[in-house]
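Worksheet for the structure shown next.
The values are calculated or read from the model by the stated rules, or taken from the named source; none is laboratory data. Keep in mind it's a predicted model, so treat the numbers as computed, not measured. Cβ coordinates were reconstructed from backbone atoms using ideal geometry, including for glycine residues, and neighbour counts include every protein chain displayed.
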Amino acid sequence: MTMDPTSHVLRRFPLVARPRPVAKALSIRIDDLSALADRAERESDLAAASAVYNQAGAWAGASGISKRTARDR
């Protein structure tokens, strides 16, 4: 679906380019996520466990892993 660039919606909500924040190195992010998973298990913290699954899923989606996995089934 392509929107008309003169549409009232686009005039009301203009898209402004913004720089993306620099992310930590992947190895550091994986170590942090692993530590969170360990804490979630040790403390039976369901919210932290959910955060681990959500973050891992977001990474898989951003990297295309989830598409490859679905395709290979």
Query - From the options Ser44, Ser50, residue that is modelled with pLDDT of 70 or more, among the hydroxyl-bearing types (Ser, Thr, Tyr) and surrounded by fewer than 10 Cβ atoms within 10 Å (Cβ to Cβ) - result: Ser44
Requested in this report: Sort out which residues of the stretch 1-41 are more than 20 Å from Gly57 (Cβ to Cβ) and either outside any loop (DSSP other than H, G, I, E, B) or at pLDDT 95 or above (or both), and write them in order of number.
Outcome: His8, Val9, Leu10, Arg11, Arg12
